[in-house]
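Here's the structure, in structure tokens; my notes come after.
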Ligand code: GDP
């Protein structure tokens, strides 16, 4: 029958077709009463939230009301793709509500990283993005580092508010929410419906002990992140799971580095100097001469130069070239969203070009480490 059915947990319209979309319920579960969507099922039975995703515009439409409510917004970003995982327009959308910036995956940074310096760096970057935050907390949701500080800051700033958790995809939002559920929530209580006017999408509200809610929002998909473009298999190679071992290259002008077949770094002009690559150690780096780079790529992409393999390469946009001017007197990073970054160690100045799949964001920034 074609009757429209809604999840008894969160109220989302149920569907049987797409496990990756909101409201999915496996056919076997459809005949049970009450029917709840797979997402609610997982939260109820396994304390496990997993992100549903939306494009940014739809996200802002869905959550446009947050500015009018009294809420604490936890914005989770990924230190490994800081710019790429920042939500543009977040300041406008949250209104006067406080934002707590939780910077996740710090376990990936080299052990020697100076954390106070890092927090200052983050505060400056947030400010540049027009984001005023009540606190910056570093953590690793996966390795359970810094979580006390997250809870502490949350309690300090929450008052009597609901908590909205927002973040781009793959920043670790589910991992973090699962920890929050374990620490905070009263799973005996029912998951409640939260329907908002003008949308068919709903949010999962997880009841807290004091009658307030943690609201899990859909993960925002940014197509400017390489992590959104690669296959599942390459995603696990792209996203490091242990501390990054930076690799230093002394290069002369006219030399090129390939990062698998995913990206390419050309040192076109400038004094001999060193560059430090911060990326997943599962990605092999090949050095060659700039004048040979095109040929090497044509002959060896997807084989010697991998990931991705040849087949997966077909599904990636072609490499696009970004000329980059590094002025004298500055120590900067070139960031390739989702892949990592290259620190230009000297302040001697350089002319570079980055080749990355078309659409992937390439940017320079004050150096992080
Ligand atoms: P979501 O899409 O934001 O909900 O992200 P998930 O919680 O599903 O995590 C995305 C990926 O990042 C998974 O592969 C996680 O294992 C990984 N991840 C999450 N938190 C951390 C962390 O603190 N450190 C590291 N290294 N990986 C993490």
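The values are calculated or read from the model by the stated rules, or taken from the named source; none is laboratory data. In this text the structure is predicted, and so the values were computed from the model without any measurement. So basically every Cβ, Gly included, is an ideal-geometry build from the backbone, and we count neighbours across all protein chains shown.
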Selection status of residue 320, assigned to a strand (DSSP E or B) and more than 24 Å from residue 79 (Cα to Cα)
yes
Checking the condition buried (at least 20 other Cβ atoms within 10 Å of the Cβ) and touching a residue at least 24 places away in the same chain (Cβ under 8 Å), which residue from 279, 296, 319, 348 passes?
279
For the stretch 43-148, list the strands (runs of 3 or more DSSP E) that sit wholly inside it and hold at least 1 residues that are within 15 Å of the ligand (Cβ to nearest atom) and under 28 Å from residue 247 (Cβ atoms); which are they?
71-78, 99-104, 135-138
Those residues that are assigned to a loop (DSSP other than H, G, I, E, B) and touching a strand residue (DSSP E or B) at 6+ places or on another chain (Cβ under 6 Å), I need them from the stretch 326-338; list them, please.
none
Condition test on residue 306, is it within 21 Å of residue 246 (Cβ to Cβ) and touching a residue at least 40 places away in the same chain (Cβ under 8 Å)?
no
Could you go through the stretch 197-208 and let me know if any residue there is modelled with pLDDT of 80 or more and part of a loop (DSSP other than H, G, I, E, B).
no
Which one of these is within 16 Å of the ligand (Cβ to nearest atom) and in a loop (DSSP other than H, G, I, E, B): 160, 170, 178?
170
Restricting attention to strands (runs of 3 or more DSSP E) lying wholly within the stretch 219-267, give those where 1 or more residues are away from the ligand (no atom under 16 Å from the Cβ), at pLDDT 90 or above and under 24 Å from residue 300 (Cβ atoms).
247-251, 255-259
